[in-house]
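Have a look at the structure below, then the notes.
The values are calculated or read from the model by the stated rules, or taken from the named source; none is laboratory data. Please read these numbers as outputs of a predicted model, since none were measured by experiment. Here the Cβ is made from the backbone with ideal geometry for all residues, glycine too, and neighbour counts use every protein chain on show.
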Amino acid sequence: MRSSLLAPLALLAVTCGPSTSPPLFTPGPDRVAVLPPAPPDAAPAPDAGAPPPTAGYAGLGADSVAPEVIAEFAPAPLEPSVSSRIEAMLDVRGVGGGALTRDGKRMYFTWKVTGTNQVWVQDGPMRFPVQLTGGEERSSVVGLAPDDSFIVISRDRGGEENPGLYLMRPDGGAPVEIHRAPKVQTSLAFISDDSKAVWYLANDRDPASYALYRWDAATRTARAALTEPGTWRVLDHRGEDKILLGKLTTNTATEIYELDVASGAVTAVIGQGEGQDHRAQYGARAGELLVLTSKLGDFKRLYRLVEGELDPITKEQPYDVASFGIDRPRRTIYYSVNEGGYLRAHALDARTLAARALPALPAADNVRLAGVSYDGRYAQLSYDGATQPGASAVWDWKKKKLTTWRVPSAPEVDVGRFARASLETYPARDGTPIPMFVWRPDPARCAGPCPVVVDFHGGPEGQSIAGFDAQAQLYVDAGFVFVQPNVRGSDGYGKRWLDSDNGAKRLAVITDIEDCARHLRASWGKDGVAPKLGVTGGSYGGYSTLMAMTYFAGAFDAGVSEVGISNLITFLDNTAPYRRALRISEYGDPAVDRDALVELSPTTHLDKLAAPLLIIQGVNDPRVPVGEALQFHRAAKARGVDGGLILFADEGHGTSKRSNQVLALGHTLAFFERHLK
């Protein structure tokens with residue numbers, strides 16, 4: 001049965017540009033990453049057997065593609081009735097945390113109600129918020145001065161992921177530039193305890209490295225505190241004397257150092273040369289660090305590091321401790337545990353390590369810490385569930401009282417009817433059970449087996465989790481079964497699982513993609529008829545889609561790749577310098593692993609492509625260059641396969657603007673409507 005919601009979309013599915021079709025990508029949380037942006041959904045693009053793509057393009061961003069090409073592949077408009085239905089689902093908005101003043105009476109937060117992330121202020125629980133920033137560019141609040149005298153905001157332009165940093169007074173007004181430069185990433189490190197200085201990181205000296213600066217709020221001048229090369233991030237600080245640093249050496253490995261600001265000396269603390277993930281903060285006692293790592297086992301645990309020895313704080317369990325933090329007064333430790341795709345929040349007394357009880361929250365598949373006030377009194381908890389859009393509340397440790405500040409909104413949508421994700425598995429060819437979350441429509445809606453859309457996450461070190469998912473519900477409402485696998489290489493299942501696809505090892509586990517399709521066809525049929533299968537995903541998920549349609553041609557009936565890597569070699573040659581070294585550890589070194597990179601590149605297997613394929617790409621993408629989409633589309637077209645291409649001129653690694661998200665989702669759903677029903 002064809003869904004009445006999306007039926008008109010089929011007429012528009014392949015009407016973008018001349019005779020091409022449209023693509024899409026909706027990114028995750030609307031946040032500006034803290035520098036250096038953790039290597040998220042990016043995958044490399046190799047050389048292949050068709051027209052040699054290695055020499056097919058150079059560079060990234062709008063400068064690397066002609067304006068007439070961008071115009072040629074602009075997305076076609078959708079029929080208004082279709083747009084309005086997708087807009088209604090995008091209007092289902094959860095709420096997150098924000099920066100709470102010390103007295104607990106005011107909160108600054110980032111909100112996308114205008115269609116683009118902007119900064120808002122709210123004077124009290126359930127009070128009407130006031131907008132502080134405007135325009136079409138993404139702005140986010142990233143810091144609040146300890147004395148509440150100013151906030152720090154981050155603002156990006158066109159999805160380039162080269163944000164500037166700005167100071168804004170509590171009641172708004174014109175932002176004061178702290179640092180912004182073309183093609184430079186600037187991110188907040190911390191605000192000094194006396195509120196007189198803003199510390200930030202920027203790759204202005206070397207695109208592949210980050211320097212640390214201190215900006216004086218009174219004189220509005222900056223001085224460098226650390227210029228030693230490295231992909232640095234600031235983890236914690238003791239005043240302005242000692243700064244705890246993380247140095248990323250691969251996409252999942254971090255070494256911990258301490259900077260003595262007065263002397264400029266950088267001292268090694270833990271992890272040097274180990275190739276292991278470490279995250280750290282100062283503990284409650286002098287000489288104590290809190291360290292999150294999996295170096296002593298398969299799963300991440302939280303430890304105390306004292307005199308070089310790691311002493312476990314959290315119990316041994318077959319789950320990762322996904323994140324942790326300690327408040328500024330060093331009274332309470334917070335951590336979350338990833339229980340197979342369900343997040344659970346916990347708290348401990350920082351000195352005794354005794355459990356501190358957090359309040360119970362309703363209908364929660366996931367509970368996270370969303371923020372803590374500077375004095376540690378107020379903790380913000382965010383939570384969501386299958387029929388519960390993201391919500392948050394403020395817990396007052398002193399009064400033991402939970403207060404709701406804002407509530408999620410779902411205008412004209414009944415979230416109570418939303419499908420609940422079931423956690424299931426499918427067998428890989430070597431017998432390994434691969435977890436997947438599945439959302440199902442009422443089977444009575446489908447005359448035969450309901451068509452299935454498989455959505456691979458990015459990363460590859462990402463993870464699909466349970467909870468509220470409006471996009472999944474869009475597919476369910478259209479009559480599709482929606483599946484999100486966590487194939488080998490995903491985070492959340494231990495170190496061995498995470499590292500199982502590194503470099504040439506990917507050849508052994510990339511088959512998880514095809515094995516998913518085999519299982520669905522064999523097990524989800526009806527009356528002897530197998531379901532039709534679609535495949536989609538963004539970033540590494542887009543790469544997985546391109547591999548599904550080429551390397552595993554025939555496994556899926558249609559695909560939509562969003563900002564996906566088409567050739568691992570050209571990707572590594574052209575991605576942003578800060579990402580290149582980190583991604584080589586994940587995908588392989590072109591100088592050493594070239595044969596594997598070529599074999600694992602979708603362009604190598606273009607001659608197998610036969611089923612319909614749509615490609616969606618942001619022109620300003622600094623992670624997966626626009627050339628990845630263009631070279632694949634051109635090579636496919638040269639072979640007589642014109643699957644369609646959509647370029648968003650004002651987007652980067654995914655669509656962030658609401659209007660573009662509507663176009664991307666609309667064309668994607670229309671494409672699957674047309675080819676799977």
Taking the range 641-671 as the region of interest, how many residues are of a type in the set (A, V, I, L, M, F, W, C), within 24 Å of the chain's Cα centre (by Cα) and either crowded, with 24+ Cβ neighbours inside 10 Å or in a helix (DSSP H, G or I) (or both)? 9
List, please: which pairs have Cβ atoms under 6 Å, are six or more places apart or on different chains, and start with a residue in the range 288-303 that is in a loop (DSSP other than H, G, I, E, B) and end with one that is acidic (Asp, Glu)? Phe299/Asp320; Lys300/Asp320
What are the pairs, 6+ residues apart or on separate chains, where a residue within the range 267-286 that is more than 24 Å from Arg331 (Cβ to Cβ) has its Cβ under 9 Å from a residue that is among the aliphatic types (A, V, I, L, M) and at pLDDT below 95? Gly271/Ala253; Glu274/Ala253; Gly275/Ala253; Gln276/Ala253; Asp277/Ala253
Subset of the range 178-190 that is touching a Leu at 6+ places or on another chain (Cβ under 8 Å) and in a strand (DSSP E or B) - its residue that is nearest to Gln281 (Cα to Cα): Ala189
Could you list, in sequence order, all residues of the range 550-576 that are touching a His at 6+ places or on another chain (Cβ under 6 Å) and not in a loop (DSSP other than H, G, I, E, B)? Ala558
Scanning the range 317-331 residue by residue, those within 12 Å of Gly494 (Cα to Cα) and charged (D, E, K, R) turn out to be Asp320
When Arg106 is evaluated against the numbered criteria (1) closer than 21 Å to Arg169 by Cα; (2) buried (at least 20 other Cβ atoms within 10 Å of the Cβ); (3) in contact with a Leu (Cβ under 9 Å, 6 or more places away or on another chain), which criterion, by number, is the only one it fails? (2)
Return the residue satisfying two criteria in turn: it lies in the range 567-595 and is at pLDDT 90 or above and of a type in the set (A, V, I, L, M), and of such residues it is surrounded by the most Cβ atoms within 10 Å (Cβ to Cβ). Leu568
Would you confirm whether or not the range 503-514 contains a residue that is touching a strand residue (DSSP E or B) at 6+ places or on another chain (Cβ under 8 Å) and more than 24 Å from Gly94 (Cα to Cα)? yes
For the range 121-131, indicate whether the set of residues that are crowded, with 20+ Cβ neighbours inside 10 Å and free of Cβ contacts under 8 Å to residues at least 60 places away in the same chain is non-empty. yes
For the range 570-629: of the residues being out of contact with any helix residue (DSSP H, G or I) (no Cβ under 8 Å at 6 or more places or on another chain) and among the aliphatic types (A, V, I, L, M), which is farthest from Glu461 (Cα to Cα)? Ala610
Can you tell me how many residues in the range 191-205 are on the phi < 0 side of the Ramachandran plot, in a loop (DSSP other than H, G, I, E, B) and touching a residue at least 40 places away in the same chain (Cβ under 8 Å)? 4
Filter the range 331-353 for residues that are touching a strand residue (DSSP E or B) at 6+ places or on another chain (Cβ under 6 Å) and among the polar types (S, T, N, Q); which is surrounded by the fewest Cβ atoms within 10 Å (Cβ to Cβ)? Ser336
Would you check which residues across the range 354-369 are outside any loop (DSSP other than H, G, I, E, B) and out of contact with any Phe, Trp or Tyr (no Cβ under 9 Å at 6 or more places or on another chain) and list them? Ala355
How many residues does the range 647-677 contain that are within 25 Å of Leu609 (Cβ to Cβ), touching a Leu at 6+ places or on another chain (Cβ under 7 Å) and hydrophobic (A, V, I, L, M, F, W, C)? 6
Select, from Ala638, Ala629, the only residue that is over 24 Å from Thr114 (Cα atoms), small (Gly, Ala, Ser) and surrounded by fewer than 24 Cβ atoms within 10 Å (Cβ to Cβ). Ala638
